[in-house]
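Presented below is the structure to which this report refers.
The values are calculated or read from the model by the stated rules, or taken from the named source; none is laboratory data. No experiment lies behind these values; they were computed from the predicted model shown. Using ideal geometry, Cβ is built from the backbone for each residue, glycine included, and neighbour counts are taken over all protein chains shown. Surface areas here come from the heavy atoms of the whole protein model, side chains and all, with no ligands, DNA or RNA. Shrake-Rupley method; radii C 1.70, N 1.55, O 1.52, S 1.80 Å.
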Amino acid sequence: CVACSSGCPGAYQMDYPPHQLLRMVQLGLKDRVLDSNTFWICLSCETCATRCPNDIEIVLVMDALREMALKEGRKGTTKLPVFHRTFLNMVKMFGKVYELGLILVFMIMSGNILKLKDLITRDAPLGIKMFMRGKLAILPARIQGKAQIKRIFQLSSKTG
């Protein structure tokens, strides 16, 4: 019915809008689906699920497709799988996102380390302002419940 795609704020960046991807899943076009970038670009904002007259939890489908693609070593044509893995590893290690670590590790893992100098030069003034206002930490913050978060990752890797 296209309701999900018409409200999707990221659809213009996707190779297949959400309604087309879901149809491809229904038709069993596994290779085409897992080689697409749609589920990597999905913002998980749930606008699609809110609009869906059939109550399809499209965000859960997108998450499942990401995990399937990772298990099969499919990377698409973007750096988003690297970002996804880096983001999850940061949460696993620190219990929350550690922004500076995320940027640095992502730049290294995505092969963009040579662009790090440009990023620092361009974004340093903003980073300094954020640091001065307490919005950006040099070192990762300690949190309570880190063991429980690690346990969640352990349990999800056993069931997936």
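Being acidic (Asp, Glu) and within 26 Å of Met109 (Cα to Cα) is a description that applies to Glu67.
Would you call Val97 of a type outside the set (Asp, Glu), part of a loop (DSSP other than H, G, I, E, B) and under 27 Å from Leu126 (Cα atoms)? Step through it out loud before you land on a result.
On the way: of a type outside the set (Asp, Glu): yes; part of a loop (DSSP other than H, G, I, E, B): yes; under 27 Å from Leu126 (Cα atoms): yes.
Spelling it out, Val97 is indeed of a type outside the set (Asp, Glu), part of a loop (DSSP other than H, G, I, E, B) and under 27 Å from Leu126 (Cα atoms).
Within the bounds of the range 46-57, is there any residue that is open to solvent by 30 Å² or more (accessible area, probe 1.4 Å), at pLDDT below 90, in a loop (DSSP other than H, G, I, E, B) and of a type in the set (Val, Ile, Thr)? No, there is no match, as no residue in the range 46-57 is open to solvent by 30 Å² or more (accessible area, probe 1.4 Å), at pLDDT below 90, in a loop (DSSP other than H, G, I, E, B) and of a type in the set (Val, Ile, Thr).
Count of the range 1-45 residues, restricted to those that are open to solvent by less than 30 Å² (accessible area, probe 1.4 Å), more than 17 Å from the chain's Cα centre (by Cα) and hydroxyl-bearing (Ser, Thr, Tyr), is 1. Looking at the range 7-26, is at least one residue charged (D, E, K, R) and at pLDDT 95 or above? Scanning the range 7-26, I find at least one residue that is charged (D, E, K, R) and at pLDDT 95 or above, so the answer is yes. Residue count for the range 129-146 satisfying the condition of being modelled with pLDDT of 85 or more and assigned to a helix (DSSP H, G or I): 4.
Within the range 104-114, the set of residues being touching a helix residue (DSSP H, G or I) at 6+ places or on another chain (Cβ under 7 Å) and either over 15 Å from Phe83 (Cα atoms) or in a loop (DSSP other than H, G, I, E, B) (or both) comprises just one member, Ser110.
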